[in-house]
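What follows is a set of notes on a single structure, which appears directly below.
Bear in mind these aren't lab numbers, they're just calculated from the coordinates by the rules spelled out. Predicted model, so just to flag it, every value in this text is computed and none were measured. Methodologically, a virtual Cβ is constructed for each residue, glycine included, from the backbone with ideal geometry; neighbour enumeration extends over all protein chains shown.
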Amino acid sequence: MIATASREVTPVATRQVAIVDDDAAVRDSLRFLLGVSGYDVATYESAADFLARCDRSFLAGLILDHHMPQVTGLELAARLRAQGDALPIMLITGSSSPAIAARAKALGIAQVLEKPPAEQELLRFVAAALGD
């Protein structure tokens, strides 16, 4: 709670969209696009960073880069699904393939987009994840 001069106010938790991408320019670009569109965005440079720092109780959707060192976007999605997390996920990749698309579908990933992702596709995904 936050005490003000006249009353106590309990902050309202915001539903966030998280972006996990090892490319800082991509993270910044996506954060800017979603931020100016009115969304609360958190960014992470790796799967390990996301798992260590993200409070998933506030997440409404997740945008994952597939080609990351150590843990790929599909591997992170598989880990989350194995933990029972049904969070809407979008996978972005610089080079898609039928194998990537099939694995994404098997994991219940809502959408797979080639980089750079189309702005309207990103915004539609986030709006759907947040129930807008």
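Taking the numbered list (1) surrounded by fewer than 14 Cβ atoms within 10 Å (Cβ to Cβ); (2) aliphatic (A, V, I, L, M); (3) closer than 12 Å to VAL17 by Cα in turn, LEU34 passes all entries but (1). Within the range 86-132, the set of residues being surrounded by 16 or more Cβ atoms within 10 Å (Cβ to Cβ), without any contact (Cβ under 8 Å) to a residue 24 or more places away in the chain and in a helix (DSSP H, G or I) is empty. Annotation note: of VAL26, VAL41, VAL71, the sole residue that is in a loop (DSSP other than H, G, I, E, B), β-branched (Val, Ile, Thr) and surrounded by fewer than 20 Cβ atoms within 10 Å (Cβ to Cβ) is VAL71. A residue that is under 18 Å from ASP23 (Cβ atoms) and aromatic (Phe, Trp, Tyr) cannot be found anywhere in the range 115-127. Among residues of the range 62-85 that are farther than 23 Å from ALA127 by Cα and touching a residue at least 40 places away in the same chain (Cβ under 8 Å), those with a beta-carbon under 9 Å from a residue that is acidic (Asp, Glu) and surrounded by 24 or more Cβ atoms within 10 Å (Cβ to Cβ) at least six positions away or on a different chain give the pairs MET68/ASP21.
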